[in-house]
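Here the structure comes first, spelled out in C-alpha cells, and everything after it is commentary.
The values are calculated or read from the model by the stated rules, or taken from the named source; none is laboratory data. It should be emphasised that the depicted structure is a prediction, and the values quoted were computed from it without experimental measurement. Reconstructed Cβ throughout: ideal geometry from the backbone, glycine too, with neighbour counts over all protein chains shown. To get the accessible areas, we keep the full protein, side chains included, count just its heavy atoms, and leave off ligands, DNA and RNA. Shrake-Rupley method; radii C 1.70, N 1.55, O 1.52, S 1.80 Å.
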Amino acid sequence: MAPEIWTQHMQQEGFAHYGIKSDVFSVGMVALDMATLEQAARRDNTTLRNRIAIVSEKYSRDFTSWLSSCLAQEYDARPSLEEALSRAIVCRDDVTVIPGFR
C-alpha cells in the first residue's frame, strides 16, 4: 500500500490525496515481489531501499530505475500511469512474452 495512505493526514482526511500514482506504487510493489520472489507480508524489516539494491544486483539498470521511480516515497515524484507503462521495460514491441500475444 502506498505510503500516503498510511500517513496521519490521510487517515484524518479520508484518502483525500489518494490518486493513480498510489496505484503506480502498488504496481511497483508487485514488481518487487516478483523480482525477489517474496511476498511483502513475508519480508523481514529490511528497508525498501535495501530491497531495491538487492534487485539491482540481479536485474537491469532500466528495470531498477523503473522500479525505483514507481516506489518513490513522495506521491509527486512517481511517474504517471502512462509514463510508468510506456517505459521500455514494460512495453516492448520486439518481445513476445506469450506466443501469439504482444
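A few remarks follow.
- The set of residues in the range 57-73 being within 25 Å of Tyr18 (Cβ to Cβ) and modelled with pLDDT under 90 consists of Gln73 alone.
- When the range 51-79 is filtered for residues that are outside any helix (DSSP H, G or I) and open to solvent by 30 Å² or more (accessible area, probe 1.4 Å), the ones remaining, listed by number, are Tyr59, Ser60, Gln73, Glu74.
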